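The values are calculated or read from the model by the stated rules, or taken from the named source; none is laboratory data. As the structure is a computational prediction, the values presented were derived from the model and not from experiment. Cβ placement follows ideal geometry from the backbone for every residue including glycine, while neighbour counts extend to all protein chains displayed.
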Amino acid sequence: MFKKKLLSVFSAAAVAVSMAVGAVNTVFAKDIGINGIHSQGETLGTFLREDYLGYESIELDYKYESETLPSDAENTFAFLVFDTEWGGWDKINVGQNNPVSGQTYSQTVPISTIESALSTNNSVYGFNLITDNFGAGSVTVNSVKLIDKSGQEEVITGSWHKGTASTMNVDEDSDIIVNANAYNIYLNGFSAYGFTNPTVDVTVTYDNDLGDDPYKEATLYYVENFQQENEVFTPVEAYGYKKAAAGETVTYSFSIDGDAHKLAACFDACMVTEIKIYDKTPEDTIITGNWTKGTTSELTLESGNTDFWFSGNEEFIYVFNFSLKGYRSPTVEVTANYSTIPEDGSYMQAELYSQDSKIGGSYIPVTLGTHKYTFDVSNELTEFNVCFEGCTVTQVRIYDNRSDIPTEVSGFTASQLAENMGKAWNLGNALESTIDGVADETLWNNKFPVSKEMFDAVRAAGFQTVRIPVSYLDKITYDSENGKYIVDDTYMARVKQVVDSALASGLYVVIDMHNDGGTGIDGMWLDITQTGNDFTAIKTKFAGVWTDIATTFADYDQHLLFEGFNELNNGYDTAPTTTELYNITTLNSEFVTAVRNAGGNNTDRVLIVNGYNANIDYTVSNFAKPTDTSVDRLMLSVHYYDPSDFALGENNVKTWGTQAQKTYMQNQFKKIADFAKLESIDMPVIVGEYGAIDKGNNSFRANYLKELNSIANQHKIITAYWDNGYIGQYGFGIIDRTTNSISSTGQTLINAIFSK
């Protein structure tokens, strides 16, 4: 209900030993969406080699469901490995021996173990995962995950000298086989899968007597495919000849390919004392100085990659000649202090290049004070320049934003996703702000553009999901050349930037189409009261815009959800007409179809649909579930601001909490929960908005929120608090957007939300 937003002006044991024996610093998992109850002999999925490249192992989480199990039950699962020519199959059995019904088991199977099972001479093409021999019962698969091994390492020590068959030692738990003969050190039986930047360090001490040739060669080779009959050793990297002093100890670092299964090393005139195989995490590169546009200010490389070349001229800061290999989420962060906002330069510009080709760029609104502006970039980036007007740049940092990356979510049903989304928070009065049909995020008393720091505060408060209302209005145009509706590129880029910031803060994100259907909003076009050709035109525009939105975010995983519209109604406090209900049903169907047809991850993205005005009673009485090509990927949204004189009214109704009021709330939530469980509906429920404005009655507001969330928890309903950014009389605000922190009032309300 947009009007309220204007009130204030707004593993059981592992079956094989993994390669790494060092400490694991970070483990990333990708759930591949296999779950459910299965019988013996079912194929759960086919995985080509390209599907699992970059991962170390597969983790199975499951439990037996049968009341009785054969005493010799085993081999719950099997991997059927097949080759490139489909000429051979080999089977690896895995499973818990003598399992207990109802008990959950977890097993980790290294990719290298699966791949090494193929007995033919052809290379691995992929494998099938099947359920195997456990009798007539059933097994519930909770999850199947691909695990990478970022941060792991293996250290091999010894004293090897070319010309002798010296000994090198490896941990007894390692799969690596070392053969140090008189010519080379051979390492066999490992896999570099799962490393983002696999690296080999070799530490050598040069002989005291180098004779007449102080330049000695250090060369590392790897075997590209260990299953080929005729192995060809390919140089990975050669440092050439090292001018070594007598007795000098040197560590050579070599990058290797993720396909590597064997290594061969040859080091002349020295003693090899250590070989370390690990995932090299790039250092932060930090450039400091005091640069202002219009001057050739000094910049200094403080730490990081010494191959960087940078310059600060009168127009830009340039950074050239660097590699982002090994970065999982490469990020450029610029710290700038704005003392004034230039009239004609209120945007910071960044341009990103790869081998002289522009691959991206951004324009970011700026605010007074010192701020950090971040740009997510790709591994392809080789150079960039930034221009900040009206400020002093004090630092440029290039780093791997690993800590901000949520585990990828894919293949989840709506029900599964609902369990992970936790408590939600609305970014109200921001991207849906409008005046005279113009959408602008700072129009409704929010003076500062949305920032990642604000989302960090939301996440720190305990919320796991953010709903981002978006109004498109004047940003929609018709592309006559291609015959479709599109959203303005600059505006869409800003929406994407806000979404990316929220995701980077570890939040699930919901974006909707908000005030395009806001009764009384200038420029509103999503009008459900229309009929005939007028409504046909509206329907076409609606589907076209959602196609453009979904295409923009097609590669995003299920941390991002779409909601078709917000509180569509006829603008009157009357019951909806048959036509209006029909139009809402039609728009829900158009929304689902448009998103699914946009491709990418949209084919199984979780989508949120609404009934008339997001009202519980009207939804229960009249909602019709849209047809969906994807099973269990829809959520149902309602809003709750009852009683309205307490929750919304700028009046003297400040108290809440009578038994009658609590009973009414309980009955309404039970009503929508029971409706959603009907076989014809069968969707999880989200209360997409709720709250009560500040009338100096925070104890009653807190009781209201506490009771609402307690009841919602009982029914497993997600709740999303409405925050309009306004702290004080008649405001909903709990996050102070000027300081990106929780307000004193807000903390009381947050405590109430999370009390149970």
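Some notes on this structure:
- Residues in segment 690-708 that are part of a loop (DSSP other than H, G, I, E, B) and among the hydrophobic types (A, V, I, L, M, F, W, C) were compared, and the one that is surrounded by the fewest Cβ atoms within 10 Å (Cβ to Cβ) is I693.
- Comparison of I111, I130 shows that the only residue that is in the same structural domain as F47 (by TED's automatic domain parsing) and touching a helix residue (DSSP H, G or I) at 6+ places or on another chain (Cβ under 9 Å) is I111.
- Within segment 212-228, not a single residue is surrounded by 17 or more Cβ atoms within 10 Å (Cβ to Cβ), more than 28 Å from Y399 (Cβ to Cβ), in contact with an Asp or Glu (Cβ under 9 Å, 6 or more places away or on another chain) and at pLDDT 80 or above.
- Check on I693, modelled with pLDDT of 95 or more, of a type in the set (V, I, T), assigned by TED's automatic domain parsing to the domain that holds L427 and farther than 18 Å from D617 by Cα: yes
- Single unsatisfied condition, D632 versus (1) surrounded by fewer than 18 Cβ atoms within 10 Å (Cβ to Cβ); (2) out of contact with any helix residue (DSSP H, G or I) (no Cβ under 8 Å at 6 or more places or on another chain); (3) on the phi > 0 side of the Ramachandran plot: (2)
- Taken over segment 505-534, the criterion of being surrounded by fewer than 21 Cβ atoms within 10 Å (Cβ to Cβ), of a type outside the set (D, E) and in a helix (DSSP H, G or I) is satisfied by G532, N533.
- Any chance Y105 is within 22 Å of K262 (Cα to Cα) and assigned by TED's automatic domain parsing to the domain that holds T46: no
- So G728, is it crowded, with 19+ Cβ neighbours inside 10 Å and either outside the structural domain of G369 (by TED's automatic domain parsing) or polar (S, T, N, Q) (or both): no
- Pairs, first under 20 Å from I156 (Cβ atoms) in segment 199-214, second aromatic (F, W, Y) and modelled with pLDDT of 80 or more, C-beta under 8 Å, six or more apart: T199/Y278; D201/Y278
- Cβ separations smaller than 6 Å between residues 6+ apart or across chains give the following pairs from segment 286-306 residues that are basic (K, R) to residues that are outside any strand (DSSP E or B): K293/E389.
- Hits in segment 729-738 - residues which are at pLDDT below 90 and more than 26 Å from the chain's Cα centre (by Cα): T738
- Tally of residues being at positive phi and at pLDDT below 80 across segment 161-193: 1
- For segment 675-689, the criterion of being modelled with pLDDT of 95 or more, in contact with a helix residue (DSSP H, G or I) (Cβ under 9 Å, 6 or more places away or on another chain), outside the structural domain of V510 (by TED's automatic domain parsing) and exposed (fewer than 14 other Cβ atoms within 10 Å of the Cβ) is met by none of the residues.
- Hey, I672 over 23 Å from I468 (Cβ atoms), part of a loop (DSSP other than H, G, I, E, B) and at pLDDT 95 or above or not: no
- Among residues of segment 432-448 that are under 15 Å from I468 (Cα atoms) and assigned by TED's automatic domain parsing to the domain that holds I727, those with a Cβ under 7 angstrom from a residue that is at pLDDT 80 or above and outside any loop (DSSP other than H, G, I, E, B), sequence gap 6+ or separate chain, pair up as E432/N515; T434/L473; T434/N515; A439/L473; A439/D474; A439/K475.
Results for (1) at pLDDT below 75; (2) closer than 30 Å to L187 by Cα; (3) crowded, with 17+ Cβ neighbours inside 10 Å, shown as yes or no for each residue.
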position: S255; (1), (2), (3): yes, yes, no
position: H261; (1), (2), (3): yes, yes, yes
position: T288; (1), (2), (3): no, no, yes
position: S303; (1), (2), (3): no, no, no
position: Y327; (1), (2), (3): yes, yes, yes
position: T340; (1), (2), (3): yes, no, no
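- Test for S621: is it within 19 Å of E679 (Cα to Cα) and either modelled with pLDDT under 95 or surrounded by fewer than 20 Cβ atoms within 10 Å (Cβ to Cβ) (or both): yes
- Residue that is surrounded by the most Cβ atoms within 10 Å (Cβ to Cβ), among those in segment 649-674 that are aliphatic (A, V, I, L, M) and under 39 Å from the mean Cα position of the chain (by Cα): I672
- Breaking point among (1) farther than 22 Å from S433 by Cα; (2) assigned to a loop (DSSP other than H, G, I, E, B); (3) in contact with a helix residue (DSSP H, G or I) (Cβ under 6 Å, 6 or more places away or on another chain), for N569: (1)
- Taking the listed residues A550, A537, the one that is at pLDDT 90 or above, surrounded by 18 or more Cβ atoms within 10 Å (Cβ to Cβ), of a type in the set (A, V, I, L, M) and farther than 30 Å from A460 by Cβ is A550, with no other qualifying.
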